[in-house]
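Below is one structure, written out as structure tokens; the observations come after it.
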Protein chains: 2
Amino acid sequence: MTDRIAAQLRFLTEACKLKSVQRATTLCDGSRRENSGEHSWHIALYAWVLGDQAQADVDIDRVIRMLLIHDLVEIDAGDTPIHAAQDAAAQAKIEQMAATRIFGLLPPDQAQSFRALWDEFEAAETADAIFAKSIDRVQPVIANLETDGGTWPAYHVTAAQLEARVGTKVARGAPALWAALKQRIDAWFAARPPSFE
Amino acid sequence: MTDRIAAQLRFLTEACKLKSVQRATTLCDGSRRENSGEHSWHIALYAWVLGDQAQADVDIDRVIRMLLIHDLVEIDAGDTPIHAAQDAAAQAKIEQMAATRIFGLLPPDQAQSFRALWDEFEAAETADAIFAKSIDRVQPVIANLETDGGTWPAYHVTAAQLEARVGTKVARGAPALWAALKQRIDAWFAARPPSFE
Ligand SMILES: [Ca+2]
């Protein structure tokens, strides 16, 4: 076996561990929590299907590649639910170390290009990264809407918090998509008893 | 919500069910069987990382898209393990009906283009589809090698069967990759007692 293939297979076998990282969100039928591997598949598909909702001219193939690797650092760093309290700076440092270790398993040229794409996603400055971040934020919202609020009650999430934490980021990359979801979100919260919030 | 976004979200919510389709193969640590959603993520990553092992000039972005949707029909048709007895013609008919229903949830232009890409994968005639099929065959072999034979003993798989059912297809799209894996496969079977086969 060549060194190159051996390194590629080591990386791919390590990546398998992402299937064992649990997320806060459930499957669309609420039957269990989803893992970050299947989540990564689902949002790559989201980016493709919803590509025509992007704000700017984005390269959907680059977005798909970003989303395929965007959560790999969770193998070391775990998933941080958006509505949970967290130390953002400490978490970012752990994720940087995870990226160095995990992408470092690849042959050097691929280690460099995969890491550069992950850095671009994290920085959320290019049109591709902004759209990728929108899609990453949107999928849990839909999973929660499909399961009567899903994890929102457990985290005591309000409509205003959703707008601030999720809406602004989704609208930045896909405004029509957020407008469409906001209708459904407002309808769901309007049907809750006022004491819920 | 526009009709277009509504149709796109219906398709994406339906696709979520792929995370509940169980495959014969396990995770790389053997802890549980994997589902077809996380499998689809993993082999899209395989295609990207191993793209430079392709036999012909392939468009890796098209291969990634093929692999993201290649198993969606299993939502209706289930997974058919390669080493299990099966009625191939009956299974193909069920999968055709599944493709019509599931891709038909998309807006018409996307329904047509997604279906065309799935048909191309199934036909396994273009360079992109041949490489995609190689990658789809390779991942379970690696999962089994990582877990001391994995599901091979349960299905009474022999080295000759692997060569015939898997090797020929992998070698068609990625010959150097199969040569590398064959070394590991032969070493694994050589270490088994002769009565195993
Ligand atoms: Ca994420």
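Values in this text are rule-based calculations from the coordinates and carry no lab data. Because the structure is a prediction, the values reported are computed rather than measured. FYI the Cβ positions are ideal-geometry reconstructions off the backbone, even for glycines, and counts take in every protein chain you see.
Remark: relative contact order (region B:80-156) = 18 percent; criterion is Cα-Cα distance under 8 angstrom and separation of 6 or more residues. For the pair B:Asp57 and A:Ala116, a Förster radius of 30 Å applied to the C-beta separation gives a FRET efficiency near 0.80, rounded to the nearest 0.05. For a test of the definition: using alpha carbon positions, the gyration tensor, and the 1.5 limit on a/c, classify the protein assembly as shown as rounded, prolate or oblate. The shape class here is prolate. Determine the shape class of region B:84-143: with a ≥ b ≥ c the square roots of the Cα gyration tensor eigenvalues, call it rounded for a/c under 1.5, and otherwise prolate if a/b is greater than b/c, oblate otherwise. It is oblate, given that a/c is not under 1.5 and a/b is not larger than b/c. Helix A:175-190 and the longest principal axis of the C-alpha atoms of chain A enclose an angle of approximately 50°. Estimated at 0.36 nm per residue, the fully extended path between B:Gln91 and B:Thr126 surpasses their Cα-Cα distance by 10.3 nm.
Peptide A:106-118 is shielded by partner chain Cβ atoms: per residue, an average of 1 of them sit within 10 Å of its Cβ. Dividing the summed -39500 (n - 2.57) terms of all DSSP H runs of n ≥ 4 by the residue count of chain B sets its mean residue ellipticity at 222 nm at -18500 deg cm²/dmol. Distances between equivalent label points of B:Met97 across the copies, with each point positioned 7 Å along Cα→Cβ, amount to 5.5 nm, shortest listed first. Take each peptide in B:47-53, A:62-68, B:100-106, B:87-93, count the other Cβ atoms within 10 Å of every residue, and average; sorted highest first, the result is A:62-68, B:47-53, B:100-106, B:87-93. Here the dipole of the protein assembly as shown is about 580 debye; that uses its Cα centre as origin and unit charges on the Cβ of Lys and Arg (positive) and Asp and Glu (negative). Apply the a/c threshold of 1.5 to the C-alpha gyration tensor of chain A and tell me whether it is rounded, prolate or oblate. Judged from the Cα gyration tensor, chain A comes out prolate (a/c at least 1.5, a/b above b/c). Per-residue shielding of A:44-54, expressed as the average number of other chain Cβ atoms within 10 Å of the residue Cβ, stands at 6.
What separates the B:Ala160 label point from its copies, with the point 7 Å along Cα to Cβ, is 7.4 nm, written shortest first. Compared with the dominant principal axis of the Cα atoms in chain A, helix A:108-123 is inclined by about 20°. Put a dot 7 Å past the Cα of A:Asp29, heading toward its Cβ, do the same for A:Asp186, and the two dots end up 3.3 nm apart. Using the Cβ of A:Asp59 as centre and a radius below 12 Å, the other residues enclosed give a net charge of -3, where K and R count +1 and D and E count -1.
Note: relative contact order over chain B, using C-alpha pairs below 8 Å and six or more positions apart, is 25 percent. Against the main long axis of the alpha-carbon atoms of chain A, helix A:88-103 sits at an angle near 40°. Any idea what the B:Thr126 label distances to the other copies are, label 7 Å down the Cα→Cβ vector, nm, shortest first? Once sorted, the set of distances for B:Thr126 reads 2.5 nm. Provide the FRET efficiency to the nearest 0.05 for the B:Thr158-A:Ala164 pair, computing r from the beta carbons and using R0 = 41 Å. FRET efficiency, B:Thr158 to A:Ala164: 0.10.
Summing Cβ point charges (Lys, Arg +1; Asp, Glu -1) relative to the Cα centre of region A:3-196 gives a dipole of roughly 380 debye.
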